Structure formats: C-alpha cells, structure tokens
1. Suppose we filter segment 45-63 for residues that are more than 15 Å from L25 (Cβ to Cβ) and modelled with pLDDT of 90 or more; how many remain?
2. Would you tally the residues in segment 23-38 being in a helix (DSSP H, G or I), free of Cβ contacts under 8 Å to residues at least 24 places away in the same chain and within 20 Å of D87 (Cα to Cα)?
3. Out of all the residues in segment 2-22, is one or more of a type outside the set (A, V, I, L, M, F, W, C), free of Cβ contacts under 8 Å to residues at least 12 places away in the same chain, farther than 18 Å from G73 by Cα and surrounded by 13 or more Cβ atoms within 10 Å (Cβ to Cβ)?
4. Residues being farther than 23 Å from H6 by Cα and surrounded by 15 or more Cβ atoms within 10 Å (Cβ to Cβ): count how many of those fall in segment 51-63.
5. Being assigned to a helix (DSSP H, G or I) and out of contact with any Phe, Trp or Tyr (no Cβ under 8 Å at 6 or more places or on another chain) narrows it down to one residue among A45, A14; which is it?
Amino acid sequence: MPFGPHIVALLEVALTDSFQYHRDLDLFLLRAGMPQARLATIRKAADDSYVGQYPTTPKRIVVQRLLQELGSGRDADDRLVASIITDYDFSQLSQDKFELKYNNSILYRFRRLQ
C-alpha cells in the first residue's frame, strides 16, 4: 500500500533540510536499505533532468525523484519507505528550520502521531 501524501511531504522536508551535503543524504539512504545501484540511478535521473541549470542538482530535486520512485506501491518500496521513516532521527532538523516549519507543517501533525 503506497504511503499517503502527508507522509511523502514530511519525508521531502525532512530529508532535504536535515542533510547539509548530498553525501550525507546518500549515506543515510544506504544505511536505511536503499541499494547502491538504485540510488545511483535515481541520482543520475535527477542530474540529467537539471543539467546545466545548477552546478549540482539541489537535494530537494534528488529527494523528489527518490520519493517518486518509491511511490510505486510495491512491497519492497513500502518497506524501504518504512525503513527510512523508522531510521530517521527528527532531532537532526536544525532548530531554526524546525521552528520556522514546525507549527505550519506536516511535521507538527506527524510528531503528534508518534
């Protein structure tokens, strides 16, 4: 069963804002169970779609492509999204970004569910 749009939006904000560098995002995803080859394919697709527009593809674009790929509804993708949610430490959000987005975002509602 695919995850709802509120979960996908939460993950987009969390994964984009929590990791300063692409390398840190990649390491987290690999530790959560993302196969290296699949991550490389997703990153290449994101890079190809924004070639020449930025020196490096913004993390938000990479995360959006990742979540689009994981939204297939296949059992393996659902398990991977669940693993990402389980492994994610919400304390990673920097305090200033968290305060700006917390009360008006899905993060607030999601944290209330935890």
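The values are calculated or read from the model by the stated rules, or taken from the named source; none is laboratory data. As the structure is a computational prediction, the values presented were derived from the model and not from experiment. So basically every Cβ, Gly included, is an ideal-geometry build from the backbone, and we count neighbours across all protein chains shown.
1. Quick first cut of segment 45-63, residues more than 15 Å from L25 (Cβ to Cβ) only: 45, 48-55.
Remaining after also requiring modelled with pLDDT of 90 or more: 45.
Matching residues across segment 45-63 total 1.
2. First, pick out the residues of segment 23-38 that are in a helix (DSSP H, G or I): 23-31, 36-38.
Filter once more, so that each one left must be free of Cβ contacts under 8 Å to residues at least 24 places away in the same chain: 23-24, 26-27, 30, 36-37.
Within this subset, residues satisfying the condition of being within 20 Å of D87 (Cα to Cα) are 23-24, 26-27, 30, 36.
Number satisfying all stated conditions: 6.
3. Within segment 2-22, the subset of a type outside the set (A, V, I, L, M, F, W, C) is 2, 4-6, 12, 16-18, 20-22.
Then keep just the ones that are free of Cβ contacts under 8 Å to residues at least 12 places away in the same chain; that gives 4-5, 20-21.
With the extra rule that they be farther than 18 Å from G73 by Cα, the set shrinks to 20-21.
Next, from what is left, pick out any that are surrounded by 13 or more Cβ atoms within 10 Å (Cβ to Cβ): none.
The answer is no; no qualifying residue exists.
4. At the first step, the residues of segment 51-63 found to be farther than 23 Å from H6 by Cα are 51-57.
Now drop any that are not surrounded by 15 or more Cβ atoms within 10 Å (Cβ to Cβ), which leaves 57.
Going through segment 51-63 one residue at a time, the tally reaches 1.
5. From the options A45, A14, the qualifying one is A45.
One line per residue, one yes/no per condition, for (1) at pLDDT below 60; (2) assigned to a loop (DSSP other than H, G, I, E, B); (3) within 16 Å of H6 (Cα to Cα):
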{"site": "A40", "(1), (2), (3)": "no, no, no"}
{"site": "R65", "(1), (2), (3)": "no, no, no"}
{"site": "G73", "(1), (2), (3)": "no, yes, yes"}
{"site": "D78", "(1), (2), (3)": "no, no, yes"}
{"site": "S91", "(1), (2), (3)": "yes, no, no"}
{"site": "D96", "(1), (2), (3)": "yes, no, no"}
{"site": "L100", "(1), (2), (3)": "yes, no, no"}
{"site": "L107", "(1), (2), (3)": "yes, no, yes"}
